[in-house]
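To start, the structure itself, in structure tokens.
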Amino acid sequence: MVKLKEIIFASASASIWGLSFPITKLALKDVSPILFAFLRYLIASLLFLIIVFFISSPFYFKNKKIFLLALTGVAMPVILQNIGLKYTSAYISGFLQSTGPIYIIILAYIFLNEKITKNKIIGIILAFSGTYFIVSPKGGGNLFGNILILFSSICYSIGGIIAKDLLNNGYKPIQIIALSSFLGTIFIFPFVFFEDVLICYSAWKYIVFLAFFPTFLAYILWYYAMEKMEISRLTFFVYLIPIFSIIFSHILLREEIKILTIIAGFIVIIGIAIAQMHRNLS
């Protein structure tokens, strides 16, 4: 049975991640996107490693999947997201990131031979229909930026599957987060040399904020909930991210919010809910 603590932790993570989109958008005015990703994860990974070495018990990570998690769950999605946010709206990014569960269903069908049910087919059609209108110019934002955010969401979905597999194999959440963040930071670093590096003093408050709250704190809360909760139930909390991103984007950025995008976003959420319905009824 899911406890109130897990629900609170998952909800808190979703709200913090919803806030991260407009904060990132603000930061990108003062710092180049890949350098921003590197500095954010450098600070966060140091915090994770401090916890592992001084609070948690030492460990030896034998599973090589941690390298794949660092690449697909840390380095690639944050690079794609940061570059994408330079071009598109923060609240649209929140909707596109919430499409992650639908990719998990598709990947599970391809790689794990999970059955495609009628609910999944209906849900996938609805989710992709809504995603089309969000990504298209009619939905607002920028097509190039929206596509980058979409690929970022796909990467996060792949990383989520790998992380759950590692949890099922006995590794602790803090161990997985610490090592994947540290390795992800190393993977990000070489890409810094492929951009025009920019950083202003005013960017540091955003870097420190995003390193501690969305990257450090939110991930600890999320992985704790993931350890205790079925991933099919946990993914429903992803639906809260676009709600919070809309609220915070309007407050912090005064973004123009198009009705078409809102409707399309909720069609995506409904589609994902239908596609996963059979899991929660079983």
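Each Lys and Arg contributes +1 and each Asp and Glu -1, all at the Cβ; summed about the Cα centre of segment 4-281, the dipole is approximately 400 debye. For segment 4-281, the relative contact order comes to 44 percent (Cα pairs under 8 Å, sequence separation of at least 6). Seen from T24, the other residues with C-beta closer than 12 Å to its C-beta sum to a net charge of +3, counting Lys and Arg as +1 and Asp and Glu as -1. Working from label points 7 Å from Cα in the Cα-to-Cβ sense, the F67 to I121 distance is 4.1 nm.
Give the distance, in whole Å, between the Cα centre of segment 197-219 and the Cα centre of segment 23-100. Rounded to whole Å, the Cα centres lie 11 Å apart. Given the alternatives (1) 42, 24, 16; (2) 30, 24, 17; (3) 26, 25, 16, semi-axes √(5λ) of the Cα gyration tensor in Å as computed for this entry is given by (3).
Computed on the Cα atoms alone, the convex hull of segment 1-103 gives a volume of 154 cubic angstrom per residue. Past 19 Å, Cα to Cα, is the threshold; run K3/K118; K120/K228; K62/K164; K120/K258; K29/K205; K25/K205 against it and keep the listed order. Table pairs above 19 Å Cα-Cα are K3/K118; K120/K228; K120/K258. Per-residue packing, averaged as other Cβ atoms within 10 Å, sorts the ranges 72-79, 239-246 into the order 72-79, 239-246, beginning with the highest.
Can you give the net charge of the other residues whose Cβ lies under 13 Å from the Cβ of Q81, counting K and R as +1 and D and E as -1? Net charge around Q81: +3.
Each of V238, V268, V197 has some number of other Cβ atoms within 10 Å of its Cβ, and from fewest to most they run V197, V238, V268. Counting pairwise Cα distances across segment 121-197, what percent come out greater than 17 angstrom? It works out to 66 percent of all Cα pairs.
Computed from the coordinates by the stated procedures, all read-outs in this text should not be read as laboratory data. Small disclaimer: the values here were computed from a predicted structure and weren't measured. Counting neighbours? That spans all protein chains shown, and the Cβs are built from the backbone with ideal geometry, glycine included.
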